[in-house]
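This report concerns only the one structure given below.
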Amino acid sequence: MTPSTDELAALAQAAYRTFTDDELKDGVLVGGIHYRIIAHESTATGYQGTVFQRKDSGDVIVSHRGTEFDREALRDGLVTDAGMVLVGRNVQQAAAIRLTQRAVDFAAEQNSERCQVPSITVTGHSLGGTLAQMSAHRLGLRAETFNAYGAAGLTADYPTRDPDILNHVRATDFVSAASRHIGEVRLYAHEIDIAALRRHGYENGAGFPDVRNAAGVAAGVGLRAHFIDNFVAGEDRASVISPENAARAQANADMIGDYRRDVARAHGLLALPRNAVDGALDLGGRLLGRPRPDPAPPSAFEPGLCRIPAAETGARRDPLHEQAERGVHALEARLGRVPDESSARLAASLYRHAREAGLTRIDEVVLSRATHDAPAGASAFAVQGRVGDPAARTVQVSTAEAMATPVDVSLRAAEAHREAADMQRSQTQAPERPRAAAMAM
């Protein structure tokens, strides 16, 4: 059973609540539906998120909380939101992905042990919508967001195409207009949105250049248009999501498009510092061999299968492989990235080549600098010793090729090399045994 848009909007709103101990233990009622709270997280970065499970159907919903100015203004407004605009980074991304992964693990456990098949959906409003786009795309999940700040415009260089992510936005909301989104964007316009746009100089198909005032729209109806309440029906209001409002947005697409482009351009001016340092802060995202992120890795949970997840390739772990992984993870941390499946492929490839080259340990993983022939990050190095030490030993791989090579392919190649080396040693030692025996006689 797939949660409805109305249900997800209510849960995006519920993420702003402070739950009592009894609610965390016994569950909550949201929009007339009873939920268990499977997990709730609050971190020092200001991130908060909740994993809900419907008591009737077992469906799992991850709700990332958005910007909450009354309680978390300093951390949300100044640290996270300003960071997204000026630097293009989201300091809450890692925590959001961790919580979403917990939901995936929970569903996988239920699937294998109880043969239940719960769906997993991610949602969020505003900043929470950004986190929903990021985590859903990274883990290959379905998501619906509400007035999200688009994650595709961040320096992690996320793609804009993802058929499993749907973003609902109100026409005059300035937050959702500022940055490109991952997934489909659906616009809804209330009558007051169109009136405000016209009042501030926007027209459809005007025969002369209109004098537009995006700031006037954003500071007026644009503020009210951003609230999550717009998407949740109440006793005195209907949700902005309706066929009528969608048709109105379509009929006024020209003026709405002009307004949203004006907001995006203003955001671009604020983001100039980000553009200036983009190469340094996002080297991993843009130059680690992936101009666009790899397709999202498959979830650990596969609907319709009752089984224990497969074990990792290889019955034993080589310490050299573990050192390669630690080196890649440290590199990702320096670049402000969260390790993903591409990181695992890079680590496995470095391990393979280090094993073949005879390295006995990997102390650090580094990227190549820009040259006349190749951009920065075109190659990755596993280093035995200190970087810059003439006595250090290194192996070099093409970053793009390494990240395109499946982990099990690299591990099998490393194991084959180990077996061949063992066989060669045994063959060279075999003839020596009779001579040693003769000498002993």
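The values are calculated or read from the model by the stated rules, or taken from the named source; none is laboratory data. As the structure is a computational prediction, the values presented were derived from the model and not from experiment. Backbone-built Cβ (ideal geometry, glycine too); neighbour counts: all protein chains shown.
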Test: residue in region 231-238 that is in the same structural domain as TYR149 (by the TED database) and surrounded by 18 or more Cβ atoms within 10 Å (Cβ to Cβ): yes
Meets criteria (surrounded by 16 or more Cβ atoms within 10 Å (Cβ to Cβ), closer than 16 Å to VAL328 by Cα and β-branched (Val, Ile, Thr)) for VAL387: no
Selection status of ALA266, in contact (Cβ under 8 Å) with a residue 12 or more places away in the chain, in a helix (DSSP H, G or I) and within 27 Å of the chain's Cα centre (by Cα): yes
ASP373 of a type in the set (Asp, Glu), without any contact (Cβ under 8 Å) to a residue 60 or more places away in the chain, more than 20 Å from GLN93 (Cα to Cα) and surrounded by 14 or more Cβ atoms within 10 Å (Cβ to Cβ): no
Members of region 163-202 that are within 24 Å of LEU141 (Cα to Cα) and surrounded by fewer than 22 Cβ atoms within 10 Å (Cβ to Cβ): PRO163, ASP164, LEU166, ARG180, GLU184, VAL185, ARG186
Elements of type strands (runs of 3 or more DSSP E) in region 1-58, at least 3 residues being buried (at least 22 other Cβ atoms within 10 Å of the Cβ) and in contact (Cβ under 8 Å) with a residue 40 or more places away in the chain: 48-54
Those residues of region 172-186 which are within 19 Å of ASP162 (Cβ to Cβ) and of a type in the set (S, T, N, Q), in sequence order: SER176, SER179
